[in-house]
Structures are given as structure tokens and as C-alpha cells.
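Chemist: First the structure, which I've put down as C-alpha cells, then a few questions once you've had a look.
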Amino acid sequence: MSVALITVGLLALGFGLLLGYASIRFKVESDPLVDQIDEILPQTQCGQCGYPGCRPYAEAIANGDEINKCPPGGEATIKKLADLTGKEAKSLDASHGEEDVKKVAYIREDECIGCTKCIQACPVDAILGAAKQMHTVLTNECTGCDLCVDPCPVDCIDMVPVTTTTASWRWDFKQTPKGDIPVKMVS
Amino acid sequence: MQLPQFEDIISRLDKGQTWSFSGGVHPAGNKHLSNQTCTVHPSLPEQLIVPVRQHIGTDGQILVKEGEQVKKGQPLTQSSQAFSVPIHAPTSGTIKAIGDHVTAHPSGLSETCIQITPDGHDTWVSLTPTPHYLEIEKSELVSQICNAGVAGMGGAGFPSHIKASGSKSVEFLIINGIECEPYITADDRLMREQAASILEGVDILTHLLSPRAVVIAIEDNKPDAIAVMKQACESRTDIHLVTVPTKYPAGGEKQLIQILTGREVPRDGLPIDVGITMFNVGTCFAVADAILRGKPLIERIVTVTGSAVERPGNYWARIGTPVNHLLSVAGYLPKQQKQPEVIMGGPMMGFTLNDAAVPVVKTTNCLLIPAHNELTHGSDERACIRCSACADACPVHLLPQQLFWHSKAKEYDKAQEYNLFDCIECGACAYVCPSEIPLVHYYRKAKSDIRVERDERNKADKAKARFEARKARLEREKLEREAKHQKAKEARLAAVDNKTTSSSKDKVAAALARAKAKKAQQAGNSDATANETSSAPQDNKKAAVAAAVARAKAKKAAQQAAQQHTDTPPASNKSTDGQNVPPVSDSAEDAQAEKKQRVAAAVARAKAKKAAQQAAQQHTDTPPASNESTDGQNVPPVSDSAEDAQAAKKQRIAAAVAKAKAKKAAQEKNK
Amino acid sequence: MKLTLSSSPHMRADRDTSQVMRMVLYAMVPGVICQSYFFGWGVFIQIAIATIAALVVEASILAIRNKPVARNLSDYSAVLTACLLAVSLPPALPWWMTVIGVIFAIGIVKQLYGGLGYNLFNPAMVAYVVLLISFPAAMTQWIPPAPLHAVTLTFSDMLHLIFTGYTPSGLSLEQGLQAVDGVSSATPLDHLKTGLTQASTYNELLTSQVYEGGPFVSSGTGWAWVSVSYLIGGLFLLKTRIISWHIPVSLIVSIAFCATVLHLINQDIYGSALFHLLNGSVLFGAFFIATDPVSASTTAKGRIIFGAMIGFWIIIIRNFGGYPDAVAFAVIIMNMAVPLIDYYTQPRTYGHKGK
């Protein structure tokens, strides 16, 4: 009897030590939840969710806020967030805006008066210019957040939809403009 | 991986033995349709459309203007980077337009093209041939190849001068005359008709690369071409002519390397990594033309074939010839097709055109116009029965059905684990699939999705970095400002404390300190604006910034031209591109008037916006900003007179008020 | 004029799924004819019952699942499953058992998993195992092959037997199953299995009449010929490249190897390689069952492992298990292992370093 008890005890001790060692030795550094959420968000920094940027919203989600407040990310982002957080995937909260095609800002440069207001509004420093000089948008850096449009006193900023190029075409024949040029008929 | 050694390979090749690649298919060749007749020069089309980019790499810089007269062979673009080759005018004529036109791409999307109306004279520019190429520098020779616009004519159009200027030592120079795709006979005819020129090109490339051996490979379904080439090479001991058993896709670069040398190009590597460089026979011909005759690449052989053309055969098509011109030359028979269809390239890897106005480009080797039911269409996809016929056919040992499951389910990371990006899209798997699943289409879709996703991810990361850098900067500035305030406050307090025992000197000192603090504060503030541009994170978007700066500079230059007469800086002109600066107004009066108008217009717009907002806010809380901005696009050009601008402003206010009223009315109605 | 758009390749090989299925059906013809020569009309009647049942079940489930019925029926996969099951069943099996088998094969094993291409297990074999476990007696009652018949059953006798359990002249199933000596209706494998439990040796048992008239010593009467005729059909499939050689060859080699090893260890209880290959449904299974593409391994190496392991399990179960034959069990066991085999036998992609 005592032999059995001691054996089992030793076994338990041995496995306990083994497990304890393994948990230290093979510890996986998992990303904190906020970082993971932040990875999923589109990083437009548009603030449409009501938070000043994507990371604050990620923190809010981690603290229990709704996951359907991100219009630029749209349904795809909501689905990913739902997978990550285990919450139910709801449809986009319309009060924060609607999902739209991807756009970039475009300054009609001859109308720009150089007020620098848009520069201050841009969350990602994608507008270039100085006071009383015309400004321009670095198209590659623009996230299409829309924040520069309202501050412009002369309304010279347009949000232009990003067009599909041969490089960004996704093999979707529905996206193909239908040609309608006649072939010269012979015979 | 044990690489077969040079000597083994040579002795095998000389015995007529080759290696083989696993998989592959044997589709019906149908080459007899088009290889019976000599290559024909078609008539000059009414319009030539030359796409600026016709190869892998970047666009060149456009050298010509609309309306300009060009001569045949005149360069239209300039090669500005290593990975770019110029394009040339295929005939003499007038530049009709430079703009977007549908190009040879499966998407049917438009790209920048230069349209030329031929004058019918076909006059060459003066050509500078280099018949004694052995006497000039190799680098000079390479740049001549580049300037002649030679890009790989077999498939992807890799710029040839890059391959020809390899710094690594080359064991095998392989000349690819396989042409394994069914129907295509362009290389076949070229070899039969221009064997001597091809060999000249081979000699030039041999001179450039000094390989240990030159191998010309031809598939055994082209006995005539083999005979002609054999005769041409008869006296040449340095060239090994190898006949390769017919199997699709033996002409793929990696597959041919495997067949001839038993070596494999490592993933993410290039053929040169295993000591091999490969050129298509068409490219060799183009190189010979470029060096020995000084002719740039402005025409190529295109096979026009299929049962829906009356005269299938090969045509010397100028680059830029619209497909419909070639169709009419070959005698398109619309009645043979139920649904009109034109395939550019072969039946295995070619793509359907959505528009017959697409121009022939440097990589166009075939136009296939099949009659109804000539090609079996896999229209109806059935369930995959996991027969793995696809895996048996795959020349790169992928597991196509696993790729298919994961691509279809959009499990892209799994698809990449199964090496999706090693797929060469040869179509062998889809060819054999008994369930008629368009496998390659799924892969291409998955690949493009992954690429776009990756780009977006990168962009998001960059945006995040920029956002965080900006946040940090704002935070820093705030702290600095506070520190300055604090300092100023302390200085003030100190001054107050010292008041009781103050002398006039102290007072002055205090005032000075105050002034300094103030100045510092202002400096801090102005820094803030300056920083907007300078403190961007150290990403590699310097190019974009530089471009913008260049644009601004161009503008400034224009302004300075105007400033010669007046001190007042005029408002910027309308140019958006430094290159196309329109003439600046001649007199100072003009400039000033213009400036005034523009200022007035801007003020008017600002006022209108404000007014509209106020008007709207009187009735509703929702600011009509979006309405405004759309209206903004319709604002008449600024160069109108100030009166006009004011009139426009009035109209806009009226419109905004009307809109707001209408909205209110509608709301009340709803209530 | 609009131009049609499609994705490359624009050419297709002629062979499609329904053609593949039909070719397999054609390849079964010699086997079925031979089988019916020895075991009577029942073979055809079972095929007919199973085929009709399969079409009805498949059509109704497809309709429920909102899939195009005619299009999916025309791939002949249901017919093939039905035929494979039917020829594995005792020819005089009551019709409703066959129908239950078919319902199980098509309804549960195939359609519940998602239809053609999605089933993990070979439908015919799962149905066979279900019937074997549910109705062990009926499933082992084979009519004695032609030379051993006590009574010869006509087409109408057989039809009545299957649908009512009695022939028109009033013979019951059991009477119909009587062999000439009035004792045995056992298959050769059964005979050996029971014989061994009664302390007879392998060589003693081979003298039984069950093993007379085969092409080789130790091959059962009729059974061996049936196996050989399925082998002919299988070679036809190989020749036309409907199936690849990997599975049948590795399966047969593995059986020969395992059986020989055991036979050398103890000749009194373990049958020879030839005995195991020609008796039971090994050859049929090697060419027609194990090669079912949906539930088999898909890589070349994987198929060899798959076939070899089936052969191994057949010998193990036949010699040490409770059931006389084991093709169905072996195939099902290995079906389960397919994902694992496939995962570990991925070929090296061109240009990649070996794993």
C-alpha cells in the first residue's frame, strides 16, 4: 500500500516537474490581444469608429467594445475580429459610416490656397506642403481616411476611387471592361 | 541535390540523349494549319497603337508629343532604368494621341499607349549598324541591345540586355526553339526562313556571355526546322543542336533546363544560378537585327491560326498592329464561330481578348481564332474526384488538387504551404482534369488575391508607422511647448519676486527674458508646421517626396518668371506636372489680375461653404458637407473673372439654401 | 460584337469524369460474366436492384440538397458504386438488404459527406461492412459455384429467392445453398477459417472439394476464375490509364510478401501467397476498390504505401481476425490514414530542396 502511494506520489512529482519545466522551456510569447486586433484593423486611422486611430479602437475592442465600427475594414474585418475575439459577427454599424470602395485624396492643386489645414488633419502625414504653398497628396501613403476633406476651406480635396490597374487586377472577368470594337468582317 | 556535371551533360547531348521532366501532356499540335506557307508581310494598318510598357519591368520616359512627326525606328520612349527597354515607332507617321488604350492583358484594362497614324512612306530613321561588333566594348554592345528595345520574345518579355550582361559565368547558353504550345508556328517558320540570322544572333550572345557550350533545342515535331538549322550549324562545332521529344510544356524555361542538363533552377533563383542562360530563337533574331543591321525591334512574326480564319499562317506584324487588322488580313470567318473569340498566345497559356483593337506587342506570338467546337471548352465544372491526374501531369511536382481546395476555400496560407507560387500556370493540370475544373484560373485568382492582400498589409503597416511617428511628434511638441510656457512663467514669477529689490537693470533683463521666451515659443510653433514634412518616418518613399518637391519647384520656377515684373507672388498656375508647364502669363498685370481672381474665387468658395453650412444648420443638424464637396467639383474654372466667381458664389449659396429648404420640407413632410 | 472571355487553358483532354466511371464499368464486364457463370443469375439481379436503388437515392438526395440532379447522375459514379457493392454481395441476398446497403453507401457515406469527391471512405466497402455486421448470416451464404451445385437455379428461381426467400417450386434459400455433398456452402476462405479452428491443417483442408477445379492448386472452385477475370478487367484499366499501377501492384506484392512470410513460418495454419491472392476478393479489390480515386491516397508514393498497407491488413485480418475476408476492412482502415499519408508523401516541388 505504502509502496503504491509513494510510487504514485513520485510519479506525480516527476510529471509535475516535467510539465513545469516544459511550460518555461517551451513558452510561446503570444501577442497581447490588442496587438492582434490592431493587426486586423485596416490602419486608415480615419477615426470613423469614434476613437482617435486604429490602435485606440483596438484597445477599446479588447476592453469589450463592439467590433462593427470600422467602415474601411468592412465585413471582412468584422469577420476576422469575430474569429479572433470570439464575438458574434454583426453587420457594420451604419452610424459610423458605410463600406465603400477604396479611395485616395486628391488635391486640385490650382485651387489650393496653402492653408495647411489638411496637413494638420492628415493622420499619416501623407500631405506635403507649407503655408501659402500649394499642397499635394502622397498617393502611396494616403489611407483614404477622408479627414482632410472637411477642414479644407475651399473644398479643393476630392476623394478619388482607386482604379484597378493591370497590376492590381484579380483575375475577375466581371471586372473587365467589355470591349465593343468591331472586327472588320471579311466574306 | 547533385548537379550533373558539364562533361556528362555534353557527352549525353552529343549522343542524342536528354533528361526528362515528370508530368507533362500531349495535346494535339495542330501546327500544320499555319506552318505550310511562308511568312507574309501584311499591309500597313490605318492606326498603330504602341503600348509604352510591353515587358516585365518599368515604363520608359515618353520622348514624343502629340502631333509630332516620327520616322520608322525612332525611339518613342527612353530607357531610364535598368529594367526598362524603349519602344520605337513601327513606321513613319504622326503621333495621333498619347493616352490610355486597351492593351494585351487578360484584364482588358487600358494602359498608356502611343497611337501613330502612318504616312504610308515607311521612311527609316538613319540606322547605325555595328557589323564589326567584336571590336567594340561589350557594355556598349549590351546598351545597343537595350536601346533597340529587345525583350524576350518567347514568353514574359524579360529585358534581354539584362540577361546578356550577366556577370556570373555561363556554362550553357541555351537557344529555345521548342515552341511546345499547340497551334503556334512562329518560331518554326522563323527557324526555317531566318536560320542564318538566328545564328548571327547566337554568335553575338556567345561573344557577350562566353559560355562553355551553346545548345540549340528544337522539339521533334518540327523536322523541317531541325533540318534547316542542322544545315546552318553544319560547319559549327561549338553549337550542339539537340532534338527534344515533343511534350508540353518542354518549352518552359525551367523544364527545358531540366530536359537538357538535368539541373533544376532553385526556387526564387534564376537559371544563371545553375550556370545557364536561355534565349528564344526570336530574341536571337532580334539581337542580330539590332546589332548587325541597327534595326530596333519593331516587328515580329505572329502566327494567326485557327479554323475561323481563311488564310492561317505567319505574318510579320509590326508592334502596335491592332488585332482586327491582322484578322482581316488573314480572312476572319465570323460564321465559323458561334461566339466570337480571339486568343492571344497559344491554347494552353494564352488569354482571350476582350477587344479586337488590342495591339500586337513584343511578346505576342500567336493569335488563335478557333472555330466553334474546335477547342473543347471546359464549361461545366464538376466535383473533383481526387483522381490526381493533375498531379501526374504537373511538370513542377505540385499537388494541384490540394492547391485547388485551398484556393477555392480562400485558405491562402495553406495554398502557399503547398507552394502555390511555384506554379508556372502551364495549364497541364486543367488540361487533363476529367471534372473540367479550371484549375489554373483558381490559382491565378489566389495568387493575385495574395499579392493584393500583401500590398494592402504592407500599406497598412506603413500607415501605422507613420501614424505612430506623427503621434510621437505631436506629443513631443506638446511637451516642448509646455516646458517653454513653464519657463516663461518662472521667468515672470522671478521678475515679480525681484520687484521689491529691483533695479531698472533687472526689469530690463526680465523683459528681455520674456521676449526671448515668447520668441522661442513662436519658433516652436513654426517648427511644428515645418516638421509636418520633414519628420516623416524614415521609409523609402523618398522618391514620392522628391517627385512632389520637383513639382513644387517647377511651379515656383514658373512663378519666378512672372515675378520678374512684380514683387507680389502670383498664385500658382494650373500645372500638375513639371513637364507640361503651360506658358506663364506674359505681363505682371495678367499675373496680378489672375491672382486676384483666384483669391476672390477661393474666398468666395470659402464663404459659400460657410454660408451653406450655416444655412443648413439653421434647419438641420447634419452638415451638408458631402453635398458641398460634390458641388465643388462643378465650380467653373478659376480663370474666369472675379464677377463670374461672385456670380457663381451667389448661385451656390442660392442652391445650397434651396437644397437645405427642400430637405427641410422633405423632413417636415415625413413627419 | 462582344468577344467571349475564358481562362486558359482553352484546350481539354477528351476524358471526363463520366467517361472514367463508364470505363471502370466496362472493365467489370468480364468479371461479372464469369461470376454469373459460376453463381447464376443472382449476380445480374443484384446489380439491377442496386443500380436502381442507387439512382433513386442519389437523385432524391441531390434534389434535397438543391443540386442539379440530371447532371450529377450522369457522372455514373452512383451506378459504379452500386455495381461494386452488388458484385461483392452473395447473389441470393434478400433484395431489401441490398437496398439498405445502397442507401448506406450513397446516402450516408457519399452524400452526407458532401457528395462525389468529398467522401472519406469507399462507399461500397462501408456499405458491405455495415451489411456484414448487421446480417452476418445472410452475408456469408454464398451459393456454391456451378460445378458444386446440388440444384440448378433458373432466372425465375433466383428472382423469387431474392424477393420472397423461396423459389417457385418451394425451395428455401438454405436448400438452394446446398452443395452436392449436401454440407458446405462455405467460401474457400470460410472453409479454411472454420477448418483451422477444428484443428485441421492447411494442407488437409486443401483437399476439400471447395478447392477443386481452380486454375491452381489451393484456388477455390470458381472463385479463382472470377478473380482472374477481374484481373483481366483491371489490366484493361491499367492499359487505358484509368488507374495508375501504384495501388494494385503494391497491394498484390504486399499480400504475396506477407502471406509468404507467414506461410514460411508455419505451413500448417497460414495459406500460401497464391491461396490468398486468388481466393476472396483480393484481385477485385486491388483493381476496382482500392483504386477508387476519391478515398485513396493522391501522391505517387502515398499510393504505394496505401496499397501495401491494405495488403498487410488483409493478411493480418484473414489470418488473425474473426472474419474470413478482409478487403473491405483493410480498405476502410487505410481510408482513414489517407490524409496523413498524403501529408507526409508530398513530392518535392521543382527547385525546392528535399524535405
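The values are calculated or read from the model by the stated rules, or taken from the named source; none is laboratory data. All figures in this text were calculated on a predicted structure; none of them were measured in a lab. We place every Cβ from the backbone using ideal geometry, glycine too, and count neighbours over all the protein chains shown. Protein only, heavy atoms only, side chains kept; ligands, DNA and RNA dropped before computing areas. Shrake-Rupley method; radii C 1.70, N 1.55, O 1.52, S 1.80 Å.
Chemist: Could you figure out which of (1) more than 17 Å from B:Met349 (Cβ to Cβ); (2) under 26 Å from the mean Cα position of the chain (by Cα); (3) at pLDDT 90 or above isn't true of B:Lys414?
Modeler: Of (1) more than 17 Å from B:Met349 (Cβ to Cβ); (2) under 26 Å from the mean Cα position of the chain (by Cα); (3) at pLDDT 90 or above, only one is false for B:Lys414: (2).
Chemist: Which of the following residues is surrounded by fewer than 20 Cβ atoms within 10 Å (Cβ to Cβ) and either touching a Phe, Trp or Tyr at 6+ places or on another chain (Cβ under 9 Å) or within 14 Å of chain B (Cβ to nearest Cβ) (or both): A:Ala60, A:Ala12, A:Ala22?
Modeler: Criteria check complete, one pass: A:Ala60.
Chemist: Name the residues in the range A:56-75 that are of a type in the set (A, V, I, L, M, F, W, C), part of a helix (DSSP H, G or I) and under 12 Å from A:Pro42 (Cα atoms), would you?
Modeler: A:Ala58, the sole residue that qualifies.
Chemist: Between B:Asp380, B:Asp355, which is assigned to a loop (DSSP other than H, G, I, E, B) and closer than 30 Å to C:Asp292 by Cβ?
Modeler: Being assigned to a loop (DSSP other than H, G, I, E, B) and closer than 30 Å to C:Asp292 by Cβ holds for just one of B:Asp380, B:Asp355, which is B:Asp380.
Chemist: Pick out the one residue from C:Ile103, C:Ile64 that is open to solvent by 40 Å² or more (accessible area, probe 1.4 Å), touching a residue at least 12 places away in the same chain (Cβ under 8 Å) and β-branched (Val, Ile, Thr).
Modeler: Just a single option satisfies the conditions, and that option is C:Ile103.
Chemist: Kindly provide the set of residues from the range C:1-37 that are surrounded by fewer than 22 Cβ atoms within 10 Å (Cβ to Cβ), touching a residue at least 60 places away in the same chain (Cβ under 8 Å) and more than 11 Å from chain B (Cβ to nearest Cβ), ordered by number.
Modeler: Within the range C:1-37, C:Tyr26, C:Val29, C:Pro30, C:Ile33, C:Cys34, C:Tyr37 meet the criteria.
Chemist: Do we have C:Ile269 as touching a Phe, Trp or Tyr at 6+ places or on another chain (Cβ under 8 Å) and of a type in the set (A, V, I, L, M) here?
Modeler: When the stated conditions are applied, C:Ile269 passes them.
Chemist: Quick one: what pairs do we get from the range A:73-100, first residue among the hydroxyl-bearing types (Ser, Thr, Tyr), second open to solvent by less than 70 Å² (accessible area, probe 1.4 Å), C-beta under 7 Å, 6+ apart or different chains?
Modeler: A:Thr77/A:Ile40; A:Thr77/A:Leu41; A:Thr77/A:Pro42; A:Thr77/A:Cys70; A:Thr85/A:Ile61; A:Thr85/A:Ile67; A:Ser91/A:Asn68
Chemist: With the requirement that a residue be charged (D, E, K, R), farther than 13 Å from B:Ala217 by Cα and in contact with a Pro (Cβ under 8 Å, 6 or more places away or on another chain), what does the range B:227-253 give you?
Modeler: Result: no residue meets the conditions.
Chemist: What's the total number of residues in the range A:144-158 that are under 18 Å from B:Glu456 (Cβ atoms) and over 18 Å from the mean Cα position of the chain (by Cα)?
Modeler: Matching residues across the range A:144-158 total 0.
Chemist: If you don't mind, there's one more thing I want to ask. Among (1) assigned to a loop (DSSP other than H, G, I, E, B); (2) open to solvent by less than 40 Å² (accessible area, probe 1.4 Å), there is one condition A:Ile78 misses while meeting the rest; what is its number?
Modeler: Only one criterion is unmet by A:Ile78, namely (1).
Chemist: Between a first residue in the range B:332-353 that is open to solvent by less than 10 Å² (accessible area, probe 1.4 Å) and a second residue that is among the polar types (S, T, N, Q) and in a strand (DSSP E or B), which pairs have beta carbons less than 6 Å apart while being 6 or more apart in sequence or on different chains?
Modeler: Here the result reads B:Ile343/B:Thr352, each pair linking the range B:332-353 to a residue that is among the polar types (S, T, N, Q) and in a strand (DSSP E or B).
Chemist: Regarding B:Gly166, is this residue assigned to a loop (DSSP other than H, G, I, E, B), buried (at least 19 other Cβ atoms within 10 Å of the Cβ) and touching a strand residue (DSSP E or B) at 6+ places or on another chain (Cβ under 8 Å)?
Modeler: no
Chemist: Would you mention how many residues in the range B:439-467 are more than 7 Å from every other protein chain (Cβ to nearest Cβ) and touching a Gly at 6+ places or on another chain (Cβ under 9 Å)?
Modeler: The total comes to 1.
Chemist: Please work out if B:Ile272 is open to solvent by 10 Å² or more (accessible area, probe 1.4 Å), β-branched (Val, Ile, Thr) and in contact (Cβ under 8 Å) with a residue 40 or more places away in the chain.
Modeler: yes
Chemist: Hey, another quick one. Consider only pairs whose beta carbons are under 8 Å apart and that are at least six residues apart or on different chains; among these, list those whose first residue lies in the range C:268-280 and is assigned by TED's automatic domain parsing to the domain that holds C:Ile255 and open to solvent by 30 Å² or more (accessible area, probe 1.4 Å) and whose second residue is at pLDDT 85 or above and aliphatic (A, V, I, L, M).
Modeler: Cβ pairs passing all conditions: C:Tyr270/C:Ala259; C:Tyr270/C:Leu262.
Chemist: Quick check on my filter: what residues within the range B:251-266 are away from every other protein chain (no Cβ under 14 Å) and open to solvent by less than 10 Å² (accessible area, probe 1.4 Å)?
Modeler: Hit for the range B:251-266 is B:Leu260, nothing else.
Chemist: Hey, can you tell me all the residues within the range A:123-158 that are under 22 Å from A:Gln48 (Cβ atoms), open to solvent by 40 Å² or more (accessible area, probe 1.4 Å) and among the hydrophobic types (A, V, I, L, M, F, W, C)?
Modeler: Listed by number, the list holds a single entry, A:Leu147.
Chemist: State whether the residues of the range B:54-76 include one that is touching a residue at least 60 places away in the same chain (Cβ under 8 Å), open to solvent by 20 Å² or more (accessible area, probe 1.4 Å), within 12 Å of another protein chain (Cβ to nearest Cβ) and part of a loop (DSSP other than H, G, I, E, B).
Modeler: The answer is yes, given that some residue of the range B:54-76 is touching a residue at least 60 places away in the same chain (Cβ under 8 Å), open to solvent by 20 Å² or more (accessible area, probe 1.4 Å), within 12 Å of another protein chain (Cβ to nearest Cβ) and part of a loop (DSSP other than H, G, I, E, B).
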